[in-house]
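**Q** First, the structure itself, so that you have it in front of you.
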Amino acid sequence: NNFSGSIPDEIENITTFFLLSLLQNQLTGVIPKSLAHSSNLRVLDLSSNRLIGNVPLEFKMLGDLQILNVYNNDLTGEVNILCPLTENNLDSIGADCGGISPEVFCQCCNFCCDREDFCSFV
């Protein structure tokens, strides 16, 4: 893919997909809160883009989410809002939570990248 620009809020109208992979594009802007309305979503991969801001608080409603990858972006803040989901179905969270000064704080992430794009399982 070679998508660019922001992820449109209208993506919430697609409620039946299980996997959304938008990795390695040129996506910018914030992650839309409307993705939390995709109740069937199991895999969400937004890694290696230029997304900014936080992982939306609304993502804690994605009870069936199994894999979330948001590493290699310019996100900040905490991903800990998703930690309770790891007790259910969420098996893997990848974020920019590694290195000396991580961009994202995540106590339950099991795949972390640092500012030099070095990634490792934790």
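The values are calculated or read from the model by the stated rules, or taken from the named source; none is laboratory data. Please read all numbers here as calculations on a predicted model, not as lab measurements. Quick note on the areas: whole protein, heavy atoms, side chains included, nothing else; ligands and nucleic acids left out. Shrake-Rupley method; radii C 1.70, N 1.55, O 1.52, S 1.80 Å.
**Q** With a ≥ b ≥ c taken as the square roots of the eigenvalues of the C-alpha gyration tensor of the chain, please select rounded if a/c is under 1.5 and otherwise prolate if a/b is larger than b/c or oblate if it is not?
**A** In terms of gyration-tensor shape, oblate.
**Q** Also, I was wondering about something else. Per-residue accessible area for Ser4 at 1.4 Å probe radius, Å² rounded to 10?
**A** Spelled out: Ser4, probe radius 1.4 Å, area about 90 Å².
**Q** Moving on. Considering only protein heavy atoms, what per residue accessible area in square angstrom results for the range 59-110 with a 1.4 angstrom probe?
**A** 46
**Q** Provide Rg and Dmax in Å for the range 11-64, with only Cα atoms included in the calculation.
**A** 10.8, 28
**Q** If you don't mind, another one. Using only alpha carbon pairs under 8 Å that are at least six residues apart, calculate the relative contact order of the chain and give it in whole percent.
**A** Normalised by residue count, the contact order of the chain is 18 percent.
**Q** Measure off, as a whole percent, the carbon and sulfur share of the 1.4 Å-probe accessible area of the chain, all protein chains present.
**A** Ligands and nucleic acids excluded, carbon and sulfur reach 51 percent.
**Q** May I ask you to compute the full-extension gain from Asp74 to Thr86, defined as 0.36 nm times their residue separation minus their alpha-carbon distance, rounded to one decimal in nm? Mind dumping the intermediate values first?
**A** Values: separation 12, 0.36 × 12 = 4.32 nm, distance 2.36 nm.
Gain in length upon complete extension: 2.0 nm.
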